[in-house]
Amino acid sequence: MSVLRGKKIVLGISGGIAAYKTASLVRLFIKAGAEVQVIMTPASVDFVTPLTLATLSKRPVYSTIYNQPDPALQEDHPTWNKHVDLALWADYMLVAPATANTLAKMAQGNCDNLLLAVYLSAKCPVYFAPAMDLDMYKHPTTLANFATLTSFGHVLIPAETGELASGLSGEGRMAEPENIVAFMEADIANLLPLKGKTILITAGPTFEAIDPVRFIGNHSTGKMGFDIAKAAICKGAQVILITGPTHLDLQDDACTLIRVMSAAQMYAACQEHFTAVDVAICAAAVADYRPAEIALQKIKKSADELNLTLEKTQDILASLGLAKTKQVVVGFALETENEIEHAIAKIQKKNLDLIVLNSLQDEGAGFGKPTNKVTFIDRELQITPMPLKSKEAVADDLLNILIAKYYA
């Protein structure tokens with residue numbers, strides 16, 4: 001999963017021949033899961049059409065500070081393209097190609113077109129990919145502008161060496177679109193708050209066999225655990241996701257997905273990997289009891305009653321809490337009464353650092369729903385109730401709490 005997934009990127013295009021590569025660049029950003037807003041200088045529209053980029057980005061392309069009235073829309077005055085709103089929308093801004101002219105204006109704070117107005121209003125990280133002839137690229141003023149922009153905290157994506165539009169060959173060619181995307185992904189990943197951390201996450205139900213075809217289970221879909229895993233990856237973590245039976249899947253280089261069936265199998269997998277992780281988040285709905293004996297053949301419906309003897313399963317969360325050394329251990333609690341009291345008791349009994357409490361009494365919470373309403377309680381007994389949110393947002397809240405508390 002790309003670190004650009006879900007991110008909003010303003011792509012600023014200035015007037016150079018390398019602008020023709022921006023169609024591929026937009027497609028690569030979209031493929032990575034980003035949203036792209038293209039802003040062009042007036043000169044750049046001679047090199048690549050706004051229609052092409054609007055089609056690829058699925059967003060309108062802006063190249064002027066205001067638009068002339070459109071009689072077809074019964075407009076009688078110009079409409080303003082709000083540069084501040086465009087700038088604040090972005091998670092990242094990339095100027096590519098960044099010509100010598102545009103770079104000089106950025107360095108000096110000149111503002112004679114919409115792209116520069118958006119740039120001067122941007123509060124997000126800014127990347128720039130220069131494109132110009134080799135002598136221009138090495139000119140002292142260009143090098144000084146590079147230094148000025150990097151002193152602002154902007155990130156230079158170095159030009160590559162190759163054939164140039166002038167017919168010469170040398171440094172100054174804009175980095176290829178694939179290399180620009182890879183550069184940004186690597187740079188962003190290096191700054192993510194959970195980079196270098198490994199998180200173990202459990203998800204889904206467990207199925208406890210009665211016979212070869214029947215089991216004791218619950219209604220958990222695993223969505224909460226999978227959403228936590230996705231959010232952790234987006235924040236730079238390596239994830240070990242141990243899941244019970246679920247239709248969900250997560251294919252990502254940063255995720256080791258381990259599928260299990262029973263509580264005993266989940267327990268064994270957690271014990272195997274726990275010593276190597278920094279955080280364990282137990283979001284799975286693990287069965288508390290299992291049949292003491294599993295019938296080797298399908299049980300026939302021959303009597304009016306069937307009595308099962310159940311025995312306790314091993315408490316995965318408690319075992320991790322008691323075994324932890326450097327790890328942060330997070331549990332989930334689904335309660336139906338005396339929720340806060342029971343959650344606090346679990347923190348203390350199981351030696352947890354944080355518990356995520358949700359109640360079946362809250363509308364929109366529980367199994368099989370896209371939303372959840374949780375309360376976070378830490379080991380210092382600080383209680384933080386949250387409103388009803390999507391499970392994706394709950395996952396993000398949980399990780400932000402862990403980052404603020406342990407990794408800020």
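The values are calculated or read from the model by the stated rules, or taken from the named source; none is laboratory data. Only a predicted model underlies this, so the values are computations on that prediction, with no experimental measurement involved. All Cβ positions, even for glycine, are placed from backbone atoms using ideal geometry, and neighbour counts span all protein chains on display. Note: accessible area is taken over every heavy atom of the protein model, side chains too, but ligands, DNA and RNA are not part of it. Shrake-Rupley method; radii C 1.70, N 1.55, O 1.52, S 1.80 Å.
Could you provide, to the nearest whole Å², the per residue accessible area of region 219-277 with probe 1.4 Å?
That works out to 41 Å² per residue.
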Å² per residue, accessible surface of region 368-408 at 1.4 Å
51 Å²
Taking the chain and counting helices only, DSSP H stretches of n ≥ 4 at -39,500 (n - 2.57) each over all residues, the nearest-500 ellipticity at 222 nm comes to -9000 deg cm²/dmol
Treating only the Cβ atoms of Lys and Arg (+1) and Asp and Glu (-1) as charged, compute the dipole magnitude of region 250-319 about its Cα centre; round to the nearest 20 debye.
380 debye
Contact order normalised by length for the chain, with contacts defined as Cα pairs under 8 Å and 6 or more residues apart; what percent is it?
11 percent
Roughly how many nanometres apart are two label points built 7 Å out from the Cα toward the Cβ at residue 195 and residue 151?
2.5 nm
So between residue 163 and residue 64, what do we pick up on full extension, going 0.36 nm a residue minus the alpha carbon distance?
32.4 nm
Among residues other than residue 247 whose Cβ falls under 12 Å from its Cβ, what is the net charge (Lys/Arg +1, Asp/Glu -1)?
+1
For the chain, what does the equivalent ellipsoid look like in terms of its semi-axes, each the square root of 5 times an eigenvalue of the Cα gyration tensor, given largest first in whole Å?
53, 22, 21
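Would you work out the relative contact order for region 152-272, in percent, from Cα pairs under 8 angstrom that are 6 or more residues apart?
On the way: 188 pairs, mean separation 25.5, N = 121.
Normalised by residue count, the contact order of region 152-272 is 21 percent.
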Any lysines with Cα under 17 Å of the residue 405 Cα? List them, leaving off those in the same chain fewer than 8 positions away.
195, 197, 235, 326
Where labels lie 7 Å past Cα in the beta-carbon direction, separation of residue 405 and residue 390 in nm
2.5 nm
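Counting pairs of alpha carbon atoms under 8 Å apart in space and at least six apart in sequence, what relative contact order in percent does region 116-215 give? It would help to have the intermediate numbers written out before the result.
Numbers: 89 pairs, mean separation 23.3, N = 100.
Value for region 116-215: 23 percent.
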How much net charge surrounds residue 195 when only the other residues with a Cβ under 13 Å from the Cβ of residue 195 are counted, with Lys and Arg +1 and Asp and Glu -1?
-1
Can you tell me which of 169, 262, 359 moves the most in a GNM of the chain? Springs connect C-alpha atoms under 10 Å apart.
169
To the nearest 20 debye, what charge dipole does the chain have about its Cα centre, counting +1 at the Cβ of each Lys and Arg and -1 at the Cβ of each Asp and Glu?
420 debye
Using θ = phi - 60° and Karplus 6.51 cos²θ - 1.76 cosθ + 1.60, couplings along region 128-144 (whole Hz; Gly, Pro as x):
9, 10, x, 8, 5, 5, 4, 5, 5, 5, 9, 5, x, 5, 5, 4, 5
Among the lysines, which have Cα under 29 Å from the Cα of residue 21 when same-chain residues fewer than 8 positions away are ignored?
7, 8, 31, 58, 82, 105, 123, 138
Have a look at 44, 206, 234 and report the one farthest towards the positive end of the charge dipole of the chain, computed about the Cα centre with Cβ charges (Lys/Arg +1, Asp/Glu -1).
206
What would the Debye formula give as log10 I(q)/I(0) at q = 0.12, 0.17, 0.20 Å⁻¹ for the alpha-carbon point model of region 313-401, no solvent?
-0.35, -0.70, -0.95
With all protein chains present, how much of the accessible area of region 118-268 (probe radius 1.4 Å) comes from carbon and sulfur, to the nearest whole percent?
56 percent
Suppose we look only past 14 Å in the calculated P(r) of region 231-297. What percent of the Cα-Cα pairs does that tail hold?
64 percent
Under a Cβ-Cβ cut-off of 12 Å, what is the net charge of the residues other than residue 297 that fall near it, where Lys and Arg count +1 and Asp and Glu count -1?
+2
Selection from 107, 167, 247, by position along the positive dipole direction of the chain (Cβ):
247
How many percent of the alpha carbon pairs in region 221-260 exceed a separation of 16 Å?
22 percent
Can you tell me the orientation of helix 177-190 relative to the chain, as the angle in degrees between its alpha-carbon axis and the longest Cα principal axis, to the nearest 10?
50 degrees
From the Cα centre of region 156-212 to that of region 76-140, the distance in Å is 24 Å
Using a 7 Å offset from the Cα along the Cα-to-Cβ direction at both residue 31 and residue 272, what is the distance between the two label points in nm, to one decimal?
3.5 nm
Would you please give the FRET efficiency between residue 256 and residue 301, computed as 1/(1 + (r/R0)^6) with r the Cβ-Cβ distance and R0 = 51 Å, to the nearest 0.05?
0.75
